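Reviewing the structure listed below.
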Amino acid sequence: MSSPFARTALKAANLMRAGAPSTPKKGGGTSLNGEPRNDLIKKVLFDAPPRPPVRFSSEDMTRHETIERAWKLVRQQQKQAQEEGLAKKFEMMRKANAELEATSSQLFKHSQTKERHAVFPRQLRTLTDTPPKQVWNYREPAATPAPKA
Amino acid sequence: MSFPRVVLRAGRSCSAMPARAFSVKSVVRNAAEPTYKAPALGVNRTFDEALKVIAEDKAKRLADIKNMEATLAQLVKAAPSAAKETEIATLKEKIFKQEAYAEINDPEIQWQFKNNKNVDMSKAVFRFMKGKQFKRETLPVIQQRTTQMFVTPDLLPSFTPAVNVQLDFGTGSTPEGTKIVDGYFETGSYLLPGKTIVEPKVNVTSFHPEQRYYTVALVDPDMPDVENETYKQQLHWLIANVPLSATQTELSKENADVVLSYLAPHPPKGTKYHRYTLVLAEQSNGGQDKIQMDASAISRETTLRDLCSHFKLEVKGLTFFRQIWDKDVSRIYKEVLQQDEPVYGNQPEVDELLDETGQKKKKFIHM
């Protein structure tokens, strides 16, 4: 794993597996009904040695800073490309709308407005946990016949 | 064995997470290398790729600069209009920024700037970096000291300095324990009167590549004016037509016109601390005009506001130091000014409850 917390998590898991009873209890009375959980938590937090800080030489420091800068550049370029793509799409949409407006004002108005009082189809069948007794009526024909091409 | 692994992991975790989640400490702190040593290639593959990314970005920006310069040349040739000047200005700004961003990611440039070696102010990238550093580090201190000690409402209307001025009176000019940054004292520091008898070296960091003419003035706004029961300003030093640019940073009297020669600061005994303010004002027409200051019109009593309004000066830089009376000031009065030393004090306290004879004032009168 590339997470910097991997080492601590591993150590914590090892300590938990080893179990509590080997070390003396801290501050007594923390284990309720013989439960060693708090002792385990304290062991993981305070007994596990802290990770040493990463020490870089000046050469490595330069490399680290250069890498950080280059990564920032890459993200900047990605964001720029995304913004440009979006801008192009928006421009094409705007041109299409302008053309529609010039073509037909009624169609344009219809395209720009939304049905304000639109509601879900009330003819919808209520959803149930189990299927109905009659799944499909094969005798009567379908409500809307297919349109002839 | 674990060291290179740690380095590689650092690289990968950089790419996985947006923010730094671990501390990186540099081991070698004291060893300052004399020249830049490029980090070896082939040790860290991410670093090699990073260099490629930076080089590509630089090439793109340089190409962009070429296009912008072509449009700028066309704009300059085009017919003059109201919007033309602003367009040219914005385009020049863009070109400057692109020139700076093209080279700012270069590790050699970063090293040079950090260690202050071969910082060539004619390059846009160094001007950009110095400008940012000034805004981030020096400017807040100047602003805070100037407002706290009321230099700006007293001498000038409040403004944002665009130029960094620093004074050097030599070693020992500040009392022990004064904070010294980069060899210069912090704005607002106390200086010893004995060490300011000789004029200082004025170091100006201006961020424009072209040469502009400035006026330099050292003002003391805290000289007591007994007749009017207030304070008056005294001009200690006035130099006009000082040529300064990003590469020309020192004030030299040979190229400029000294209107009022340097007068040693002499805060009289009994007054509170004096704020000796050095002001750098850009001359009219974007610093291109030269000024003729006739000595008859200017005296040491001229206020700074009058000076600026008369000669159409725009104050761009400011620094000040404080001084309080010292035994050396008596020496200055005797040797340099050849005057009797004035001693100031408060008016005698008048007890309102006593009359002229010293008896208690009568509250009631016999009718």
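The values are calculated or read from the model by the stated rules, or taken from the named source; none is laboratory data. Note that this is a predicted model, so its numbers are computed, not measured. Every residue, glycine among them, receives a Cβ derived from its backbone with ideal geometry; neighbour counts consider all protein chains shown.
Odds and ends about this structure:
- Odd one out for A:T8, checked against (1) surrounded by 12 or more Cβ atoms within 10 Å (Cβ to Cβ); (2) modelled with pLDDT of 65 or more; (3) within 14 Å of another protein chain (Cβ to nearest Cβ): (2)
- Matching entry among B:L91, B:L51, B:L75 (being more than 14 Å from chain A (Cβ to nearest Cβ), part of a helix (DSSP H, G or I) and modelled with pLDDT of 95 or more): B:L91
- Residue in region A:104-125 that is away from chain B (no Cβ under 14 Å), assigned to a loop (DSSP other than H, G, I, E, B) and among the aromatic types (F, W, Y) present: yes
- The residue that is surrounded by the most Cβ atoms within 10 Å (Cβ to Cβ), among those in region B:107-121 that are of a type in the set (A, V, I, L, M, F, W, C) and without any contact (Cβ under 8 Å) to a residue 40 or more places away in the chain, is B:I109.
- In region B:101-125, of all residues being part of a helix (DSSP H, G or I) and over 17 Å from A:R69 (Cβ atoms), the one that is nearest to the other protein chains (Cβ to nearest Cβ) corresponds to B:N115.
- Among the candidates B:K312, B:K290, residue that is exposed (fewer than 15 other Cβ atoms within 10 Å of the Cβ) and within 22 Å of the chain's Cα centre (by Cα): B:K312
- Residues in region B:220-235 that are farther than 16 Å from B:K272 by Cα and in contact with a strand residue (DSSP E or B) (Cβ under 6 Å, 6 or more places away or on another chain): B:L235 only.
- Restricting attention to region B:337-350, the residues that are part of a loop (DSSP other than H, G, I, E, B) and surrounded by 10 or more Cβ atoms within 10 Å (Cβ to Cβ) total 4.
- Scan region A:57-71 for residues that are of a type outside the set (F, W, Y) and either within 18 Å of B:V53 (Cα to Cα) or more than 7 Å from chain B (Cβ to nearest Cβ) (or both) and the total you get is 9.
- Test: B:A19 is modelled with pLDDT under 90, more than 9 Å from chain A (Cβ to nearest Cβ) and farther than 30 Å from A:S57 by Cβ: no
- Among the residues listed as A:Q134, A:Q123, A:Q77, A:Q106, the single one being surrounded by fewer than 10 Cβ atoms within 10 Å (Cβ to Cβ) and modelled with pLDDT of 95 or more: A:Q106
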